[in-house]
Amino acid sequence: MLITEDHLRIIPWKVANVFLQSALGQSFSGLYWFEKFFNVHHPQAILELGTGPGTLTCLFGMHCPDHVVTCDQHEGPDGLIGEVYRRLGITYCKQDVMDPAYAQRAVAQAQEAGRCFIFCDNGNKQAEFALYAPFLSVGDAIAVHDFGTEFHLTPEANLIIEHCKLKRWREDSEGDGSLLAFWIKEE
Ligand SMILES: C[S@@+](CC[C@H](N)C(=O)[O-])C[C@H]1O[C@@H](n2cnc3c(N)ncnc32)[C@H](O)[C@@H]1O
């Protein structure tokens with residue numbers, strides 16, 4: 001049976017936040033929307049800001065083997081997730097992602113592989129979006145988690161979106177518990 005968007009609205013947030021036998025920092029519908037988005041955007045490199053348990057990174061690694069970097073202020077995953085990282089060539093960085101010099105360097109490195117996708121999921125998504133969005137090149141994409149709870153379309157965020165020429169992808173992903181919002185940088 002194919003999962004449809006109607007199903008997402010009836011699957012409670014907490015039902016399936018397990019992936020690869022480990023905790024997942026996303027809802028079930030989040031996985032659905034990442035898959036949908038990657039089918040249209042086809043990223044060639046992914047930068048995840050805020051690793052958490054590290055399971056979402058494994059999904060990213062399946063889409064971009066050898067071209068995923070994930071950063072967190074804590075130690076990186078070990079055990080099964082650490083092994084998946086090794087096999088998928090995922091790079092873990094113990095790093096303050098709010099360091100502007102790091103932000104510029106990390107995006108430039110990701111862009112060497114081609115179209116990049118940045119996922120903002122650290123402790124301050126509003127500041128993270130403001131720091132990373134200006135480094136995007138045409139065709140790159142950015143997403144935030146906790147849209148509507150921790151991240152809001154403030155006047156400052158809207159200015160960044162306008163200035164950086166970011167086009168929102170699928171506003172109708174709101175309301176299914178994913179709390180994800182995606183943008184692609186246009187010409
Ligand atoms: C919500 S979790 C990430 C969840 C993960 N992306 C997922 O979907 O499973 C947020 C992570 O951001 C990290 N974090 C918060 N502020 C940070 C900072 N300034 N630099 C690096 N990591 C940070 C925290 O340690 C935490 O592990």
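Below, the figures for the structure above:
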read-out	value
Pick from segment 169-187, criterion farther than 22 Å from ALA108 by Cα, assigned to a loop (DSSP other than H, G, I, E, B) and of a type outside the set (A, V, I, L, M, F, W, C), ranking: nearest to the chain's Cα centre (by Cα)	SER178
Any pair with Cβ under 7 angstrom, 6 or more apart, that starts in segment 176-187 at a residue that is without any contact (Cβ under 8 Å) to a residue 60 or more places away in the chain and ends at one that is assigned to a loop (DSSP other than H, G, I, E, B) and among the polar types (S, T, N, Q)	LYS185/SER137
Filter result (loosely packed, with under 15 Cβ neighbours inside 10 Å and of a type outside the set (Lys, Arg)) within segment 105-126	ALA108, GLU112, GLY123
Selection count where residues are away from the ligand (no atom under 13 Å from the Cβ) and either buried (at least 22 other Cβ atoms within 10 Å of the Cβ) or without any contact (Cβ under 8 Å) to a residue 60 or more places away in the chain (or both), scope segment 39-52	3
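Residue-by-condition table, conditions (1) of a type in the set (Ser, Thr, Tyr); (2) over 12 Å from SER22 (Cβ atoms); (3) within 8 Å of the ligand (Cβ to nearest atom):
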site	(1), (2), (3)
GLY54	no, no, yes
ASP66	no, yes, no
VAL69	no, yes, no
LEU80	no, no, no
VAL84	no, no, no
THR91	yes, yes, no
GLN104	no, yes, no
ALA108	no, yes, no
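Quick grid of which residues meet (1) within 15 Å of the ligand (Cβ to nearest atom); (2) within 26 Å of GLY54 (Cα to Cα); (3) in contact with a His (Cβ under 7 Å, 6 or more places away or on another chain):
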position	(1), (2), (3)
ASP121	yes, yes, yes
ASP140	no, yes, no
LEU159	no, no, no
SER178	yes, yes, no
GLU186	no, no, no
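The numbers here are math on the coordinates, done by the rules we state, and not lab data. Since the model is a prediction, treat every value here as computed from it, not as a measurement. So basically every Cβ, Gly included, is an ideal-geometry build from the backbone, and we count neighbours across all protein chains shown.
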